[in-house]
Structure formats: C-alpha cells, structure tokens
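Asks: Structure incoming, see below.
The values are calculated or read from the model by the stated rules, or taken from the named source; none is laboratory data. Since the model is a prediction, treat every value here as computed from it, not as a measurement. For neighbour counting, all protein chains shown are included, and Cβ atoms are generated from backbone atoms with ideal geometry for every residue, glycine included.
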Amino acid sequence: MKEALLTASDLQPPEELRVQYDFIVVGGGTAGSVIAARLAEVSWWRVLVLEAGGAPPLESYVPGLEGLGYLRGNNNWDYVTERQRDALKNYDGQSTPILQGRVLGGSSTTNEMLYVRGNRRDFDHWADLGNPGWDYESVLYYYKKAEDYRGGHLGKTEEFHGRGGPLPVSPHPRKEGLTQAFFDAAHDLGCPTVDPNGPDQIGKSLDYWRNYSNRAMIIPEGISGTYHTIGNGVRSSTAETYLRPAASWPNLHILHSATVLKIVFTKDKRAAGVVFEHAGQISAVFAQREVIVTAGALASPKLLMVSGVGPARHLARHNVEVIADIPGVGQNLQDHLGVYGLTWTVRQGSLPLLGSSLSPDAVKGYVKTRGGPYAAPLGDHGSAWVKVTEGGHEDYPDVEVRLSPAAQHLDLGLFSPHVYRMDKLGYTLLPYLLRPKSLGSVTLRSRNPTDLPVIDPNYLSHPDDLATLIADLPSSIFLSTGIKIALKLGNGTTFTQEFGAEFHDKPVPGCKLKRYGTDDYWACYIRHMASSFWHPAGTCKMGPTSDPNAVVDHKLRVRGVSGLRVVDASIMPVIVSGPILAPVIMIAEKSADDIKMEWGIDV
C-alpha cells in the first residue's frame, strides 16, 4: 500500500523553511488539508501548513481498523471534558473523552468516516442569522465540488451529488444481517428509505403531512444506509485526498510534528505570523497575506486566547495581553449528545464476531484486492431520521437513531470498553440529538500554550434536550420521543424472529429507585448514560456585527484584528444535523474560494 499512500517518507521537512509565506495554515487536519491544497493551486502563492501531529500511520488507511483511531494517545489529542453537573453520571468522574485527531488529516484520519452533509435547513438557518452565502443552495455547490460519489445512480437525488471531486464517497457495501433487520423494522412502521445527503432526510408525501395531526404515535420518517469517505477500500482522509496530490508542489511546504504556540500581531493588530515548536526548537515564521487557523473547535479558540484574542476578563485572569476583546471566543460550544447502552442480546451464534474478520483469508484478500470485511467499517450500519418536537418545518428531523457500528460486541471488548467505558453483548441503537440547545465553553487552563484547554460542554443543561430525547410533551400529539422510537425499532419483527433479540432491560445503576420504563426512569437513564458523539462545534461563531458573540464574519475573518481567519467546525453558529466531517470539508472548500476572490483570483 505504501506507494499509493501519504506516509512520513513523502513528508520530509522542507529543505529550507522560508522566513515568510503568503499564507500560514495552522493545523493540517480535516479543514487545513483542504484549504492548504486549494490555496496552493495558485502557483505564485507560497503556503505553509503547520501540523502538531505526524503523518497518517498505515493502519489508519484500513477502514476495518477504524477502532484503532479511538485509542487514547494514538494520534489523538486526549481531550477530556470537565465534570458535568447534569450528565455523565455513570462515567468516571462524570467526564468523558472527546476524541480529536492529532495527525495530518485530523479527525478525517481517525474517525468513523461517516459522510453526512446535514439538513438543508441547517444552512438556510445560518444565512437567516445574518451570514450571506451560507444558505443551502450556495453551500451545495461546494459539497458537489468536493465529492466523488462511487455508488450507483441515485435516481431523483443524483443531481445533488458530485462525481469526480477529490473526496471519494462510497455507500456501505453490505446490507444484510442486522442492517437489513433495521431497515425492515423501519419499513414495518411505514418509514421510507431516503438519501441522507439529498435535499431531504425525511421521505414523506404531501398527503402524509396533510394528515400529520392525525398520527397516533411518532415513527421514523427516513431510513438510510451509511456513506463513508472511502475509495477503493481505502480511507479517504483529507490528508490523502487533498494534501498528497499537492505535496510535491514547490509552493506548498508541509511541516508536521510542529506545534504552534502563538499568533504574532503587529501594533495595528494585524496577524503577522506565528511562533511554533519543532524538533525541540522554537521558531517564528511570517505571513505576507494571512494566518488561517484550522485547529478545530477545541484548539482554535485556545490558540486565539493564548495569543490575546478573546474575552478580556478571562485573558487578564491568565495574564495574557489583550490584543482584541472578543467575548465570544470559546463560547457557544455545541456537541451532539448520544444515548449509549440501549442494547439487545441475541441468540447464541446468530451474529459474527471479530474472529472471522481476523482470518488469514480476510487479511490476504484486503491486501491483494482492497476487498472483504476490512474494506469498510466492521459491523452493521444504518440511520433513522426522526422529528419528535412540535413546530418548525416538518422536514427537519431533530433525532437520529443509529444502528451502532460494530455493535459493541463485535470486537470482543478490545476497543468498546476503552472508548465507551461499557461492554454490552448484542447490538446497540444510539439515539442522539441533532441540534442540542445546551451550550458549553472552551476556556484556558493557563497561559501555557501547550496546556490542553478546559472543556465544559454543559450537557443537558437546557431542559429541551432531555425532553427531545424522552419526556412526553403534555400538549403534544406525540406519544413517544427519541429514546422510545429506538426501542420500537430495536424490537422489530426481523430482529426478534431471526436473531432472537431481547432488550437488555436491567435497570442502569443509579436509577434503580425509579419505576422501570417510566419517563422518570428514562430521564434518569439519559443523565447517567448519554455522552459525547465527538462533534464539537461553534466556539468561534460566525455572525454579523449585531451579534455580540460572533467571532468571525461571513467570510470567516476574525473580528477586531486583520489578516486572520478561522476555518473549521468552530465557525458553525448552530451545529449541523449530523456528523461534522462533510460540513467541515465544505466550509474549507468555500473559504478557499472566498480567500482567492478576496485576493483577486478568478475562481
């Protein structure tokens, strides 16, 4: 595989690091790899990428080994949240890891490779908040520009996809076993199959919505298979798909294992360059045009704050000289909250274990043809999209119920307990909030730029989040909500008849005094078992000048200073309805064009 993949041998430090570049990209992760490669398309622009992590290890390219990317210390930042007051009660210290890749390609090198764009109304809402150019029709162009869809013709939604872009996207190759049972359960409830990356995630007819008020109970309104950033059986990280083709260009320098310590500003508050550490040496490099921060929703606000851009009172507390008082830096932290542990036991021998995937034939088959079980994430996959709240657009789901990848029994306990801090046998359904209302923060632990930040997601602090997941709404037509639809799906006929599935209904520790099955019990369950889906966003919020918490404008330029942008998930004013990988790539694609146009390049 080595000759076709980006490895450390392809990424030797530049023979001579320049003193000045046109653009310095801080972070060679998901967004940074995209924007650096796109800017370097302008042959006379000199672009430098500084990435704290190293080159992607060879095993990261194998989709079936995705679990290795979840191990702490393995190309990860090892972030851990602060103790949560209202959540995580069954987790060590009422805190949880939030995995973020510390490697070229960032989390696109270490994550589950799920490709979900979000709902079209996410982006129309961004535009309505005062961010022109971020409506769905505008961002769709960049989704299509990036995508190289490798599946068959998609019928009515084909026009919403791209073919021939740099990013391979493939449907999961297997629809059998538990996946088929998941689809059967949804279809039995009258739920249609949808394309989650098409214009809608809910596939209902006009007549259905006319009769919506007559519904006796809530059911899923869209069922879909999963799509992954995989091409020819190999993970398609942005390091591989964007950086590798550009790595040999003379105007692009890539320096990995280099930690940026501070952004340097001139007296007139222009970002002039950065100070970084590499190979034990501290150096400075300067930007003639811009410094672009693409370090992610946890590291980007930290870097701004240690550099003097952030809430003045907080910076003063840590003896950081204030360059620009921007109160919103580090605020507005949002993260998808998933409910873990909803597990069904199955008949002995009805599901495969990891042993079959580790057979010599499976390994040889992958090495030779890039096929077999290792060519996709192991286990069964599927998503049900559900609208459980009153009001708002009828085609705007607020809960996703996901058939758990690898079913949490599949690896015989090798990865699951380490990552989720639990170990259940059988299959698992994971309902999670698509648009949580609880807001948290990222703040400085100290002025030391190498200290990890203080991360407080403030999970379940907003009462609507708990209501959306479980509490019946007194004035509502709905008789069941997020967690209950997961139970309805998991008890589907195919699950019970073909697999002998039985819900593991042992009361969770901490909730034994609640009457099992009541809303009080499930509310207690969620406070004990819900945790991060590892999608932090929103901490350098995009917004108009009228928004006091906005950090960047609609061109992602940082307010109060010049020559500085932030381009990553932190700019989301409201988190998207699904995993953030695809939206972050779109954000970087769009920002690259905005930068080119701003500097006079015809795109």
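Asks: For the stretch 274-361, which fully contained helices (runs of 4 or more DSSP H) count at least 2 residues that are within 30 Å of P377 (Cα to Cα) and not β-branched (V, I, T)?
Replies: Filter on the stretch 274-361 gives 296-306, 354-357.
Here is a yes/no grid of residues against (1) more than 15 Å from N448 (Cα to Cα); (2) of a type in the set (F, W, Y); (3) crowded, with 19+ Cβ neighbours inside 10 Å:
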site	(1), (2), (3)
I263	no, no, yes
D268	yes, no, no
V274	yes, no, yes
A287	yes, no, yes
V291	yes, no, yes
T294	yes, no, yes
H318	no, no, no
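Asks: Follow-up. Looking at N111, N90, which is the one that is crowded, with 19+ Cβ neighbours inside 10 Å and either in contact with a His (Cβ under 9 Å, 6 or more places away or on another chain) or under 17 Å from I571 (Cβ atoms) (or both)?
Replies: Only one candidate passes the filter, namely N90.
So that you can scan it fast, the table gives a plain yes or no per residue for (1) over 19 Å from the mean Cα position of the chain (by Cα); (2) assigned to a loop (DSSP other than H, G, I, E, B); (3) at pLDDT 95 or above:
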{"residue": "G32", "(1), (2), (3)": "no, no, yes"}
{"residue": "A37", "(1), (2), (3)": "yes, no, yes"}
{"residue": "E41", "(1), (2), (3)": "yes, yes, yes"}
{"residue": "W45", "(1), (2), (3)": "yes, yes, yes"}
{"residue": "L65", "(1), (2), (3)": "no, no, no"}
{"residue": "G69", "(1), (2), (3)": "no, no, no"}
{"residue": "R83", "(1), (2), (3)": "yes, yes, yes"}
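Asks: Moving on. Can you name the residue in the stretch 547-569 that is in contact with a helix residue (DSSP H, G or I) (Cβ under 7 Å, 6 or more places away or on another chain), assigned to a loop (DSSP other than H, G, I, E, B) and not charged (D, E, K, R) and is also surrounded by the most Cβ atoms within 10 Å (Cβ to Cβ) among such residues?
Replies: The residue in question is V567.
Asks: Residue by residue through the stretch 365-385, note down the ones that are in a loop (DSSP other than H, G, I, E, B) and out of contact with any strand residue (DSSP E or B) (no Cβ under 9 Å at 6 or more places or on another chain).
Replies: G371, G372, L378
Asks: What number of residues within the stretch 438-463 satisfy the criterion of being in contact with a Phe, Trp or Tyr (Cβ under 8 Å, 6 or more places away or on another chain), closer than 30 Å to G280 by Cα and either among the small types (G, A, S) or not in a loop (DSSP other than H, G, I, E, B) (or both)?
Replies: Residues flagged as in contact with a Phe, Trp or Tyr (Cβ under 8 Å, 6 or more places away or on another chain), closer than 30 Å to G280 by Cα and either among the small types (G, A, S) or not in a loop (DSSP other than H, G, I, E, B) (or both) within the stretch 438-463 amount to 1.
Rundown of residues vs (1) within 20 Å of the chain's Cα centre (by Cα); (2) outside any strand (DSSP E or B); (3) at pLDDT below 90, yes/no style:
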| residue | (1), (2), (3) |
| --- | --- |
| G391 | no, yes, yes |
| E400 | yes, no, no |
| L412 | no, yes, yes |
| D423 | no, yes, yes |
| L430 | yes, no, no |
| D472 | no, yes, yes |
| L487 | no, yes, no |
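Asks: Before we move on, is V386 modelled with pLDDT of 95 or more and hydrophobic (A, V, I, L, M, F, W, C)?
Replies: No: the conditions fail for V386.
Asks: Out of all the residues in the stretch 80-112, which are closer than 22 Å to A31 by Cα and among the β-branched types (V, I, T)?
Replies: Listed by number, the residues that qualify are I98, V103, T109, T110.
Asks: Right, here's the next one. Among the residues that make up the stretch 115-126, is at least one of them hydrophobic (A, V, I, L, M, F, W, C) and part of a helix (DSSP H, G or I)?
Replies: yes
Asks: Can you tell me which residues in the stretch 9-30 are outside any loop (DSSP other than H, G, I, E, B) and closer than 21 Å to G563 by Cα?
Replies: Answer for the stretch 9-30, where residues must be outside any loop (DSSP other than H, G, I, E, B) and closer than 21 Å to G563 by Cα: Q20, Y21, D22, F23, I24, V25, V26.
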